[in-house]
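Novice: Can you read through this structure? Questions will come right after.
Every number in this text was worked out from the coordinates using simple rules, so none of it is lab data. The structure presented is a predicted model; accordingly, all values stated were derived computationally and were not measured. As a convention, Cβ positions derive from the backbone with ideal geometry for all residues, glycine included, and neighbour counts pool all protein chains shown.
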């Protein structure tokens, strides 16, 4: 039984571990800016604010990614998670330059979170259909979400 559970979540675990490494990278950037020889208060404030903003959305990202992966399908949820991490990196780097450069990353990140949230809702709805109506549409929905996850790459 243990191997069945691991097979169903290993991609989600990998994305979660990558996100932990990314959080460590963000923290190192803040620490580096704080310990700089020529401290620039504006640069430190931007890096610190970008880090706080990323940390504020991090629990939401983890919750919807794991729920989408467990309730529906781990492959599209993991793919969307990787896309979210790339977008979050773009947001962080953009925020270090000028705050206006971070706007595309922020908006794209919201779209990925919304996709993961919809996956959660569809997975829960399918569970309720199976439980109360004996109708299982999981295979159809997994196919649709796998195809729709590729649409996340569109700007």
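Novice: If I build a Gaussian network model for the chain, linking alpha-carbon pairs within less than 10 angstrom, which residue out of 54, 34, 133 has the largest mean-square fluctuation?
Specialist: Among 54, 34, 133, the largest mean-square fluctuation in the Gaussian network model of the chain belongs to 133.
Novice: Shifting gears a bit: Obtain the nm distance between the two label points defined at residue 129 and residue 9 by a simple spin-label model: each point lies 7 Å from its Cα along the Cα-to-C-beta direction.
Specialist: The modelled label-to-label distance comes out at 2.6 nm.
Novice: Give the whole-number value, in cubic angstrom per residue, of the convex hull volume spanned by the C-alpha atoms of the range 63-155.
Specialist: Enclosed volume per residue, from the Cα hull, is 75 Å³.
Novice: Here is a further query. Express in % the proportion of alpha carbon pairs of the chain at distances exceeding 21 Å.
Specialist: Here the long-distance tail beyond 21 Å is 51 percent of all Cα pairs in the chain.
Novice: Okay, next question. Given springs between every Cα pair under 10 Å in a Gaussian network model of the chain, which of 140, 91, 58 has the largest fluctuation?
Specialist: Among 140, 91, 58, the largest mean-square fluctuation in the Gaussian network model of the chain belongs to 140.
Novice: Do you know the relative contact order of the chain, to the nearest whole percent, from alpha carbon pairs under 8 angstrom that are 6+ apart?
Specialist: Relative contact order of the chain: 24 percent.
Novice: Using per-residue counts of other Cβ atoms within 10 Å, averaged over each peptide, order 117-124, 69-76 from highest down.
Specialist: Packing order, densest peptide first, comes out as 69-76, 117-124.
Novice: I would also like to ask the following. I'd like the orientation of helix 2-34 relative to the chain: the angle between its Cα long axis and the longest Cα principal axis, in ° from 0 to 90, rounded to 10.
Specialist: On a 0 to 90 degree scale, this one is about 10.
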